[in-house]
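Have a look at the structure below before the remarks.
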There are 2 protein chains.
Amino acid sequence: MQVRAAQRGKEPALATIQQVADLARVSTATVSRALAGKPSVSAATRERVEEAARSLGYVASATASSLASGRTRNIGMVMPYLGSWFYAAVLKGAHRALADGGYDLTLYHLEDTTRHAERRQRLFDEFLRRKRVDAFIAVSLELSDAELERIALLGKPIVGLGGPIPGVTTLSLDDAGVATLATEHLLSLGHREIAHLGGDEAFEQDFHVPAKRRAAYEQALRAAGVEPDPRLIKNADFTIQGGYQATLQMLGAPQRPTALFAASDEMAIGAILAARDLGLRVPEDLSVVGIDGHELGEFFGLTTVDQFPVVQGRMAAETLLEELSPDAPGDHVNRDLPYELVVRKSTAVPSGRPRE
Amino acid sequence: MQVRAAQRGKEPALATIQQVADLARVSTATVSRALAGKPSVSAATRERVEEAARSLGYVASATASSLASGRTRNIGMVMPYLGSWFYAAVLKGAHRALADGGYDLTLYHLEDTTRHAERRQRLFDEFLRRKRVDAFIAVSLELSDAELERIALLGKPIVGLGGPIPGVTTLSLDDAGVATLATEHLLSLGHREIAHLGGDEAFEQDFHVPAKRRAAYEQALRAAGVEPDPRLIKNADFTIQGGYQATLQMLGAPQRPTALFAASDEMAIGAILAARDLGLRVPEDLSVVGIDGHELGEFFGLTTVDQFPVVQGRMAAETLLEELSPDAPGDHVNRDLPYELVVRKSTAVPSGRPRE
DNA sequence: GCACCGCCTGCAAACGCTTACATTGGTGTC
DNA sequence: GACACCAATGTAAGCGTTTGCAGGCGGTGC
């Protein structure tokens, strides 16, 4: 103890609660209570304590406070991806909401590397048990039974974002609803040859999002009396590049669709660029609709089903904070995430080709 | 104390060091030393302790450990932006390096909102003094003298990324070098009418990056005997949209440049799209070079000066960890960040128009 | 045979808070 | 005027580690 101060020779020894107590001529207990906003402190005393704290520049040590109270006021955010705008937006939304609630956010990024399994193991073996955080937000993370059990053992609240996790509060997007909305938008414009650019399961293993979207797309078509054409369905890797390539192939084939529904905005943008490169006009020759609410959507005039990633992050944080509040109901509510069709210039009534 | 356990009725009471000590039949001191890898523990004892810890699933409490040792093994990362791919990449790089070093990362996002000043104030008044972290990484954050003083008072290491901060270890990009490299690339291809899409200072206030790049661009031109033409210089907001608009105007004017150097890849991509929309071919009618190493650069065949954001994050983290190591030199080394010209398909020898 | 020296280990004191429980006056009631 | 009660504060016991210091013990040198 006191060693670092000696070693380093500096450490200006930030004020402790004792010093504040001395200055305000009360006990440390009262200082703690006053600064925590507890009701059982007289107005006069509180004022005196606050003044003392201010003049000393006192801020309670998070570590000492955590150790004593058992609460860290820190939330762990576990994300398997980070590079994309989408996850950055989710992070942003969650961070803001947590900061507003007086919580810090510690990030744990589970990346797709060769050491993925090792890191993931370490996450569950160490990070989660280290008591550095009060609770977790797990984004797009499908958990194994063993992992779920470990979490249950910890007894710490956890909110999942992106897909139902058994026994855990989850916020999820109604993938079928989203895909139906997009498909019906195209149908309502009069399109019948509607292609689908789905996601490759290999790139979004969790929760089978691509499959759900594809199924809803097919069902919406059938409901409108259109039999899905397997030749109009392609999978890509969720990127602009992938959408571009897939669309190039699709539009090169003899039976060209008049509309295309992509499972992500990035693929949709790729599709728009591919169409342009083939000399096709969007939306006259090809209507395109995506999913996500990508920041570039506006620039490309892309019609999309926005899923408000920033809001997702915020909702996850708010839900978690509710669960952490003392009067929490205790049961796990699974909320649905909002989504909304944003119509821009990439979709229109089919034209340019003879209608049969 | 013990309250939460009672209140909530759960909390499986994770194993404490005492339990490990009992099981291994040693004192808690020895357990601590054995698990920390201290040399003064016999091999036999160490083995016994490790076995006990393993069987109990013991992981030391971060808060207790921090309080006792004064070290948190947690780093604060302060970022003014978060939404863009660039900062997400920096974050990713830093996180990985910190995780490898056994450190956690707590994020502090200083966003551009109306409450910006308030949050920033709070950052310096509370977050930094709360002792939740051992040190900081400040990304693209220009600090006021008052803030610098506060940091100095804390005595905690800090590494800045993105611009020289007086008295602080900083990693910065040689903006002049980058702009010179890009400009000279175009000059070496034979271009003489080279436009510049600079950044608007309003959108990147810190460190005057746009001004430095522009100055270096002009100097490179002069060095090659070309007088910079003010009509060929425009500012935009670093986005695709902004680059698109500015380029549209620029190429609509009578004296059209044969090449364009944009201060960011996103503006460069906007420029490429604008050129296409005007019926110009890239690179035949217009060569375009950007700066950054954007993930979309490959797709658009964009020649760029890559500044490796992931590496920047990693370097910042590694530099900080070095400073935290006990045998740190103590002086502040300011390193330069790497950059590299990546030639793709958007630049070529000028052609298509009569050379004079 | 003795003094010393190292190597391991244990003891116990922090670390800086929070909070259960005790204490102290002051008010209100009958 | 005695009693009960309540509000405000103090006392002190933790919270779960780390680490300075001391001590035991076996070996070594002379």
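The values are calculated or read from the model by the stated rules, or taken from the named source; none is laboratory data. The shown structure was predicted, so the numbers you read here are calculated from the model rather than taken from an experiment. So basically every Cβ, Gly included, is an ideal-geometry build from the backbone, and we count neighbours across all protein chains shown. The protein model used for the area step is the full one, side chains on, heavy atoms only, and it has no ligands, DNA or RNA in it. Shrake-Rupley method; radii C 1.70, N 1.55, O 1.52, S 1.80 Å.
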Run residue B:230 past the list (1) under 24 Å from residue B:335 (Cα atoms); (2) without any contact (Cβ under 8 Å) to a residue 24 or more places away in the chain and report the number of the one that doesn't hold.
(1)
If we take the stretch A:222-294, then strands (runs of 3 or more DSSP E) inside it with 2 or more residues that are at negative phi and among the small types (Gly, Ala, Ser) are A:259-262, A:287-292
Among the residues of the stretch A:229-268, what is the count of those that are hydrophobic (A, V, I, L, M, F, W, C) and more than 13 Å from residue A:292 (Cβ to Cβ)?
10
Within the stretch B:78-88, which residues are open to solvent by less than 10 Å² (accessible area, probe 1.4 Å) and closer than 14 Å to residue B:310 by Cβ?
B:88
Filter the stretch B:20-32 down to the residues that are open to solvent by 70 Å² or more (accessible area, probe 1.4 Å) and near DNA strand C (Cβ under 7 Å from one of its atoms) and list them by number.
B:25
For the stretch A:33-60, what are the residues that are in contact (Cβ under 8 Å) with a residue 24 or more places away in the chain and either within 30 Å of residue B:135 (Cβ to Cβ) or near DNA strand C (Cβ under 7 Å from one of its atoms) (or both)?
A:35, A:52, A:53, A:55, A:56, A:57, A:58, A:59, A:60
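Listed here are the residues, each with its yes/no results for (1) in contact with a Phe, Trp or Tyr (Cβ under 8 Å, 6 or more places away or on another chain); (2) part of a loop (DSSP other than H, G, I, E, B); (3) at pLDDT 85 or above; (4) hydroxyl-bearing (Ser, Thr, Tyr).
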residue	(1), (2), (3), (4)
B:78	yes, no, yes, no
B:88	yes, no, yes, no
B:102	no, yes, yes, no
B:106	no, no, yes, yes
B:117	no, no, no, no
B:122	no, no, no, no
B:132	no, yes, yes, no
B:143	no, yes, no, no
B:152	no, no, no, no
Residue tally, condition open to solvent by 30 Å² or more (accessible area, probe 1.4 Å), at the interface with chain A (Cβ under 7 Å from one of its Cβ atoms), closer than 30 Å to residue B:141 by Cα and not in a helix (DSSP H, G or I), over the stretch B:43-76
1
Which condition breaks for residue A:82 when tested against (1) assigned to a helix (DSSP H, G or I); (2) facing chain B (nearest Cβ under 8 Å)?
(1)
When the residues of the stretch A:316-334 are filtered to those that are out of contact with any His (no Cβ under 9 Å at 6 or more places or on another chain) and open to solvent by less than 30 Å² (accessible area, probe 1.4 Å), which remaining residue is modelled with the lowest pLDDT?
A:328
Being open to solvent by less than 50 Å² (accessible area, probe 1.4 Å), in contact (Cβ under 8 Å) with a residue 60 or more places away in the chain and either of a type in the set (Asp, Glu) or more than 14 Å from chain B (Cβ to nearest Cβ) (or both) is the filter here, so list the residues in the stretch A:117-157 that pass it.
A:134, A:138, A:140, A:141
In the stretch A:100-123, how many are within 18 Å of residue B:74 (Cα to Cα) and touching a Lys or Arg at 6+ places or on another chain (Cβ under 7 Å)?
5
The one condition in (1) open to solvent by 10 Å² or more (accessible area, probe 1.4 Å); (2) not assigned by TED's automatic domain parsing to the domain that holds residue B:195 that residue B:284 fails to fulfil
(2)
Could you please give the count of residues in the stretch A:177-208 that are part of a helix (DSSP H, G or I), over 18 Å from the mean Cα position of the chain (by Cα) and at pLDDT 95 or above?
11
